[in-house]
């Protein structure tokens, strides 16, 4: 379940990543006490960042598709089924990109903390 939550969060991040840098620009570490408690950003290779960018674009599409299906689900059981199916597809996309889910999520967390890294990933996404 934790893996599903993390990947769903990554999907939301991916959707936001493709939409722009508003989130990164809105975060001001001086005003966010949690920002100083987060782990420092890791170094990722350009290849890993490109894999993340490519996977994020696919995950954003999946997220939009399943968000609509989730809203149309009639009850909690149907919503759980939609979430599980979406999660499986997102995991497949991440693994097909050459990354493991943990690395994908770590990059996602790092770009939230590092506007320059986010900019690099956005540029990579725009070129692919």
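The values are calculated or read from the model by the stated rules, or taken from the named source; none is laboratory data. Please read these numbers as outputs of a predicted model, since none were measured by experiment. Don't worry about glycine lacking a Cβ; one is built from the backbone with ideal geometry, like all the others, and counts go over all protein chains shown.
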*Would you be able to say whether some residue in segment 107-118 is surrounded by fewer than 16 Cβ atoms within 10 Å (Cβ to Cβ) and touching a helix residue (DSSP H, G or I) at 6+ places or on another chain (Cβ under 6 Å)?*
yes
*Within segment 75-104, can you find the residues that are within 16 Å of residue 54 (Cβ to Cβ) and in a helix (DSSP H, G or I)?*
89, 90, 91, 92, 93, 94, 95, 96, 101, 103, 104
*Are any residues in segment 67-90 more than 21 Å from residue 112 (Cα to Cα) and either touching a residue at least 24 places away in the same chain (Cβ under 8 Å) or under 12 Å from the mean Cα position of the chain (by Cα) (or both), and if so, which ones?*
83, 84, 86, 87, 89
*If the Cβ limit is 7 Å and pairs must be 6+ apart or interchain, which residue in segment 37-57 that is on the phi < 0 side of the Ramachandran plot and crowded, with 18+ Cβ neighbours inside 10 Å pairs with which residue that is modelled with pLDDT of 95 or more and in a loop (DSSP other than H, G, I, E, B)?*
48/99; 51/97; 51/98; 51/99; 52/99; 54/97; 55/97; 55/99
